[in-house]
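Please treat every number below as a calculation from the coordinates, not as lab data. Owing to the predicted nature of the structure, the values given are computational and were not obtained by experimental measurement. With ideal geometry, Cβ positions are generated from the backbone for all residues, glycine too; neighbour counts draw on all protein chains shown.
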Amino acid sequence: MPIDNDHQPSDPTANPQIRQEILDLRASIDNIDASLMYLLAERFKFTHRVGELKAIGGVAPADPEREAQQIARLTGIADAAGLDPAFAEQFREFIVSEVIRHHKRIASELGDTRPLDTFN
């Protein structure tokens with residue numbers, strides 16, 4: 001079979017043992033990625049309900065104390081797990097920005113124009 005020089009393999013190693021270990025590790029990484037997606041989907045189910053309850057109940061839109069607690073908790077967990085705490089905070093911010101988007105949509109659908117709390 002001719003080699004297509006225009007397409008580099010995703011693992012260029014010629015050592016079959018190294019190549020197999022890389023493939024095995026990638027399979028594990030793919031499983032973890034899938035698990036993360038399912039966990040995030042489950043998390044968003046809960047935050048969706050929080051958004052509905054806030055929109056319906058007129059709960060105060062911000063809870064800076066909750067945010068500070070979450071940041072401290074997650075950066076502590078990250079540190080204990082050997083992750084950069086700054087990464088944990090950035091990751092939390094990324095997720096919360098998605099929650100904000102969902103909460104705004106929920107509030108709009110329920111006719112509430114107040115800004116919603118994203119601290120969940």
Problem set entry | Computed label-point distance, nm, for sites Asp24 and Glu109 using a 7 Å Cα→Cβ extension | 4.6
Problem set entry | Dipole axis of the range 16-109 (+1 Lys, Arg; -1 Asp, Glu on Cβ), positive-most option in Ala27, Ala86, Val96 | Val96
For this session: Based on other C-beta atoms within 10 Å, arrange Lys45, Lys104, Lys54 from fewest to most.
Result: Lys45, Lys104, Lys54
Problem set entry | Taking Arg92, Arg19 and counting other C-beta atoms within 10 Å, the order from fewest to most | Arg19, Arg92
Exercise. Expressed in nm to one decimal, what extension gain is obtained for the pair Arg49 and Phe94 from 0.36 nm per residue of sequence separation less their Cα-Cα distance?
Worked result: 14.3 nm
Exercise. With r defined as the distance between the Cβ atoms of Ala68 and Leu36 and R0 fixed at 22 Å, what FRET efficiency is calculated, to the nearest 0.05?
Worked result: 0.30
Problem set entry | Cα shape, the range 16-109, gyration tensor, a/c 1.5 rule | oblate
Problem set entry | Distant-in-sequence amide H partners of Val59 (H built 1.01 Å from N, under 5 Å) | none
